[in-house]
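Below is one structure, written out as structure tokens, with a few remarks after it.
The values are calculated or read from the model by the stated rules, or taken from the named source; none is laboratory data. Keep in mind the model is a prediction, meaning the values are calculated, not measured. Cβ coordinates were reconstructed from backbone atoms using ideal geometry, including for glycine residues, and neighbour counts include every protein chain displayed.
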Amino acid sequence: MSVNKLFVLPGDGIGPEVTAEVEKIANFLTKEGIARFEIERGLVGGAAYDAHGVAISEDDMARAGAADAILLAAVGGPKWDKVPYDVRPEAGLLRLRKDFNLYANLRPAICYPALADASSLKRELVDGLDLLIVRELTGGVYFGEPKQIIDLGNGQKRAIDTQVYDTYEIERIGRIAFELARKRRNKVTSSEKHNVMKSGVLWREVIIDLHKREFPDVELEHQLADALGMQLVRRPKQFDVIVTDNLFGDMLSDVASMLTGSLGMLPSASLGAEDAKTGHRKALYEPVHGSAPDIAGKGLANPIAMIGSFGMALRYSFGLTELADKLEAAIAGVLDKGLRTADIKGNAPKAISTSEMGDAILAELKARV
Ligand code: NAI
Ligand code: MG
């Protein structure tokens with residue numbers, strides 16, 4: 001059985017509490033011989049600053065680079081608000097994204113039937129929802145040059161942002177979307193605004209060409225980004241994988257996340273380039289939420305976003321698709337039984353703690369493996 005190397009960066013605030021629940025599950029799977037995980041732990045964010053005066057140490061960067069997947073909880077908090085800019089907690093996260101060239105951001109929106117009433121939409125629209133937004137993360141208008149504000153000298157100023165995409169950037173994000181679709185329901189919706197943007201024209205062209213050459217077996221459709229925003233709240237269950245640029249992806253993934261309820265439920269992944277020699281893809285898995293300093297250390301945090309991020313690592317880095325399905329089924333099972341942490345309590349009689357939720361998910365998983 002191959003060894004799966006996991007580099008865990010608990011970070012700050014509720015980070016250590018929620019990552020402990022993932023380690024519980026990984027250790028169980030290793031002990032039972034179901035899958036083998038080798039866990040190393042490092043420091044990032046405020047935790048790294050307190051220990052070494054940096055946002056992440058060179059040693060931890062090297063260990064992160066050697067791992068098959070990096071699992072990061074969250075960084076930051078009021079304690080570090082005044083530390084120097086280049087060693088602020090977020091710098092650790094940015095360094096990981098930049099050094100490992102993590103250009104594909106994956107944000108699933110899964111609506112567990114038991115929580116469908118917590119959605120901003122009607123239950124029938126979201127019950128059983130399972131879509132994945134693949135957002136280009138390192139290009140587009142957030143990084144394109146020129147990017148400036150010019151003083152026109154007549155009391156007016158002019159602000160310029162530039163959307164730039166090269167063929168290779170579109171092709172590599174498209175390839176990830178098609179590959180992921182093959183592991184899901186085999187459908188990709190590509191989104192841009194080719195009606196008003198040149199980058200949209202090229203985006204569409206490159207995706208169509210890539211589809212023809214490498215992924216003719218995957219269903220491909222195109223939707224303009226504004227129309228897609230509408231469809232996301234009108235009939236979200238029509239989607240499997242959505243692939244789009246940095247700007248549209250930023251907005252659409254935030255819209256999609258609210259179809260499913262609490263911040264404590266949302267996992268994410270960021271994937272980078274494949275290593276030319278090993279074919280291994282760098283990957284960072286993290287919950288969408290932050291370090292939640294308001295509830296840190298109280299056992300109140302919902303570990304599901306973090307456990308779900310581990311589930312994504314099983315699926316996308318370790319090729320353990322069946323196990324990932326079982327873990328998701330275990331989460332659904334716990335929710336079906338009415339078990340809730342405080343953030344998703346709703347009308348439940350009482351809330352359970354972080355570790356009780358982790359234990360309950362582990363028990364459900366045990367019954368399935
Ligand atoms: P946050 O996501 O940490 O918290 C927002 C609200 O949601 C809080 O009331 C919190 O208690 C609640 N919440 C978040 N995760 C939860 C969970 N797993 N279970 C139950 N409740 C949960 O965002 P906020 O408060 O804006 O930021 C707090 C700190 O986290 C800041 O220092 C911020 O910079 C940092 N942050 C870090 C991120 C990262 O590392 N990727 C992302 C967002 C914020
Ligand atoms: Mg955003």
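With the requirement that a residue be closer than 14 Å to VAL44 by Cα and either surrounded by 17 or more Cβ atoms within 10 Å (Cβ to Cβ) or more than 16 Å from ligand 2 (Cβ to nearest atom) (or both), what does the stretch 84-94 give you?
ASP86, VAL87, ARG88, PRO89, ALA91, GLY92, LEU93, listed by residue number.
Considering only residues that are in a helix (DSSP H, G or I) and loosely packed, with under 14 Cβ neighbours inside 10 Å, look in the stretch 141-181 and name the one that is farthest from the chain's Cα centre (by Cα). Before you say what the answer is, go through the steps one by one.
Let us first name the residues in the stretch 141-181 that are in a helix (DSSP H, G or I), namely 141-142, 167-181.
Next, from what is left, pick out any that are loosely packed, with under 14 Cβ neighbours inside 10 Å: 167-168.
Numbers: THR167: 24, TYR168: 23 Å.
For the stretch 141-181, the residue satisfying everything is THR167.
Show the residue pairs meeting these rules: Cβ distance below 6 Å; 6+ apart or different chains; first residue within the stretch 182-201 and over 27 Å from GLY128 (Cα atoms); second residue in a loop (DSSP other than H, G, I, E, B).
Between residues of the stretch 182-201 that are over 27 Å from GLY128 (Cα atoms) and residues that are in a loop (DSSP other than H, G, I, E, B), the close pairs are SER199/GLN163; SER199/TYR165; GLY200/LYS193; GLY200/HIS194; VAL201/HIS194.
When you scan the stretch 229-238, do you find a residue that is more than 16 Å from ligand 2 (Cβ to nearest atom), touching a Phe, Trp or Tyr at 6+ places or on another chain (Cβ under 8 Å) and outside the structural domain of THR354 (by TED's automatic domain parsing), even just one? I'd like the intermediate steps shown before the answer.
Step one: list which residues in the stretch 229-238 are more than 16 Å from ligand 2 (Cβ to nearest atom), which gives 230-231, 233-238.
Narrowing the set further to residues that are touching a Phe, Trp or Tyr at 6+ places or on another chain (Cβ under 8 Å) leaves 231.
Add one more test, that the residue is outside the structural domain of THR354 (by TED's automatic domain parsing), and what stays is 231.
Yes, that holds for at least one residue.
Just to be sure I understand, how many residues within the stretch 74-107 are aromatic (Phe, Trp, Tyr) and within 15 Å of ligand 1 (Cβ to nearest atom)? Spell out the reasoning first.
Quick first cut of the stretch 74-107, residues aromatic (Phe, Trp, Tyr) only: 80, 85, 100, 103.
Subset that is within 15 Å of ligand 1 (Cβ to nearest atom): 80, 85.
Total meeting the criteria: 2.
For the stretch 284-300, indicate whether the set of residues that are within 16 Å of ligand 2 (Cβ to nearest atom) and either surrounded by fewer than 22 Cβ atoms within 10 Å (Cβ to Cβ) or not assigned by TED's automatic domain parsing to the domain that holds LEU72 (or both) is non-empty. Can you show your working first?
Our first condition is that a residue be within 16 Å of ligand 2 (Cβ to nearest atom); within the stretch 284-300, this holds for 286-290.
Now drop any that are not either surrounded by fewer than 22 Cβ atoms within 10 Å (Cβ to Cβ) or not assigned by TED's automatic domain parsing to the domain that holds LEU72 (or both), which leaves 288, 290.
Yes; the residues of the stretch 284-300 include at least one that is within 16 Å of ligand 2 (Cβ to nearest atom) and either surrounded by fewer than 22 Cβ atoms within 10 Å (Cβ to Cβ) or not assigned by TED's automatic domain parsing to the domain that holds LEU72 (or both).
Considering the stretch 318-351 alone, what residues qualify as being part of a loop (DSSP other than H, G, I, E, B) and surrounded by 19 or more Cβ atoms within 10 Å (Cβ to Cβ)?
Of the residues in the stretch 318-351, the ones part of a loop (DSSP other than H, G, I, E, B) are 318-320, 337-341, 345-351.
If the condition is that a residue be part of a loop (DSSP other than H, G, I, E, B) and surrounded by 19 or more Cβ atoms within 10 Å (Cβ to Cβ), then PHE318, LEU320, LEU339, ARG340, THR341 are the ones that fit.
Which one of PRO293, PRO303 is within 11 Å of ligand 1 (Cβ to nearest atom) and within 29 Å of MET1 (Cα to Cα)?
Of the residues listed, the single one that is within 11 Å of ligand 1 (Cβ to nearest atom) and within 29 Å of MET1 (Cα to Cα) is PRO303.
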